[in-house]
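These notes concern the structure reproduced below.
The values are calculated or read from the model by the stated rules, or taken from the named source; none is laboratory data. Since the model is a prediction, treat every value here as computed from it, not as a measurement. Glycine gets a Cβ as well: all are built from the backbone with ideal geometry, and neighbour counts include every protein chain shown. With ligands, DNA and RNA removed, areas are computed over all heavy atoms of the protein, side chains included. Shrake-Rupley method; radii C 1.70, N 1.55, O 1.52, S 1.80 Å.
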Amino acid sequence: MTGYNGSPEGGSVGKYICTNCGYVYDPAAGDPDGGIPPGTPFEALPDGWICPICYVTKSSFDPME
């Protein structure tokens with residue numbers, strides 16, 4: 001059985017973690033408070049998007065394994 005993201009365990013494919021505070025951006029949830037609708041992949045986030053917890057830029061995020 002696969003998760004919504006197509007990984008066999010339903011893992012974290014497509015999720016990115018903030019290396020500063022540990023916030024996880026999940027494309028399935030988006031960032032509604034930041035104006036990002038659910039279903040928005042990390043790569044499609046606007047360049048000005050920042051971490052909703054610690055306010056660092058996208059460059060401070062790494063893909064989760």
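Here are the numbers for the structure shown:
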{"item": "Tally of residues being among the acidic types (Asp, Glu) and either at pLDDT 95 or above or under 13 Å from residue 25 (Cα atoms) (or both) across segment 38-64", "result": "2"}
{"item": "Residues of segment 25-52 satisfying the condition of being over 11 Å from residue 14 (Cα atoms) and either surrounded by 12 or more Cβ atoms within 10 Å (Cβ to Cβ) or among the polar types (S, T, N, Q) (or both)", "result": "29, 30, 31, 34, 36, 45, 49, 50, 51, 52"}
{"item": "Where a residue in segment 32-46 is free of Cβ contacts under 8 Å to residues at least 60 places away in the same chain and its partner, wherever it lies, is open to solvent by less than 60 Å² (accessible area, probe 1.4 Å) and of a type in the set (D, E, K, R), with Cβ under 7 Å and at least six apart", "result": "45/58"}
